[in-house]
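*Asks:* Before I ask anything, let me first share the structure, which is written out below as structure tokens.
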Amino acid sequence: MDLYWLEQTDVDVPEENDWLSASEVVRLNGMRFPKRRADWRLGRWTAKRALAVCLNLPRHALAGIEIRSTRFGAPEAFFTNRPAAATISLSHRAGRAVCAVAPSGSAVGCDLEVIEPHSDAFVADYFTVEEQDLVAHAPAADRLRLVALLWSAKESMLKALRVGLRVDTRCVIVSLDGDYRGAVDTWHPLRVRDTDGHTFHGWWCRTGNLLRTVVAASPLVPPIPLKIPA
């Protein structure tokens with residue numbers, strides 16, 4: 001299965017809102033806090049630009065694309081009020097957003113995380129015994145990166161299952177296919193299984209202190225970067 005990937009930053013988002021639908025403008029105007037507004041606009045901009053490329057739509061059609069949320073918070077794409085022929089997953093962190101686009105009906109999830117300190121209690125509360133053992137045996141210099149990677153993969157899996165963080169994160173178990181200290185700016189394979197025995201395949205990539213993960217129910221090649229027309 002091919003999966004497409006787009007990253008955008010705050011500086012990519014235009015100042016005007018003519019690319020939002022009428023209902024999206026209403027929702028934006030109801031947001032009180034500037035950071036919440038900025039994050040929301042960045043996520044919507046990234047998703048719409050990715051969908052426009054995948055669906056072969058021009059820039060002026062962006063207002064016809066609408067990203068709605070299911071009752072569990074998963075994003076769903078519509079074009080002119082009809083379901084778009086694509087499945088998407090979104091994540092944003094530290095002024096950057098990512099959007100993964102897969103064929104309609106796919107189970108896919110993506111996540112963007114900052115590599116930062118987490119307490120031992122965090123690992124004990126949210127990681128399985130297998131994952132805790134992996135962290136415990138990692139060199140001290142690698143633990144922050146490893147914890148961020150395991151957490152991000154869990155988030156991607158729970159998004160693919162369309163349940164998010166409403167369930168116990170220990171119901172999914174991450175397995176890394178290879179060295180978690182892999183080369184930067186390169187996609188590396190991983191697997192995530194749930195307690196029912198279902199295995200999802202995925203990839204991870206690190207740049208600086210940012211980690212990206214993506215998983216899908218079907219085996220997939222590394223994410224294909226989208227090229228945005230000028």
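*Asks:* Filter region 145-167 for residues that are within 17 Å of residue 216 (Cα to Cα) and aliphatic (A, V, I, L, M); which is surrounded by the fewest Cβ atoms within 10 Å (Cβ to Cβ)?
*Replies:* Filtering first and then ranking leaves 163.
*Asks:* Just checking, how many residues over region 147-168 are touching a Leu at 6+ places or on another chain (Cβ under 7 Å) and either polar (S, T, N, Q) or touching a residue at least 24 places away in the same chain (Cβ under 8 Å) (or both)?
*Replies:* Within region 147-168, residues that are touching a Leu at 6+ places or on another chain (Cβ under 7 Å) and either polar (S, T, N, Q) or touching a residue at least 24 places away in the same chain (Cβ under 8 Å) (or both) number 6.
*Asks:* Among the candidates 175, 156, which residue alone is within 17 Å of residue 107 (Cβ to Cβ) and either more than 18 Å from the chain's Cα centre (by Cα) or of a type in the set (Ser, Thr, Tyr) (or both)? Write out each step before concluding.
*Replies:* On the way: 175 fails: within 17 Å of residue 107 (Cβ to Cβ).
It is 156.
*Asks:* Now, a different point. Considering only region 191-230, how many residues are in contact (Cβ under 8 Å) with a residue 40 or more places away in the chain, of a type outside the set (S, T, N, Q) and not in a loop (DSSP other than H, G, I, E, B)?
*Replies:* 12
*Asks:* Of all the strands (runs of 3 or more DSSP E) wholly in region 75-126, which have at least 2 residues that are surrounded by fewer than 18 Cβ atoms within 10 Å (Cβ to Cβ)?
*Replies:* The strands (runs of 3 or more DSSP E) meeting that bar are 75-79.
Here, each number is a calculation from the coordinates, and none is a lab measurement. Keep in mind it's a predicted model, so treat the numbers as computed, not measured. As a convention, Cβ positions derive from the backbone with ideal geometry for all residues, glycine included, and neighbour counts pool all protein chains shown.
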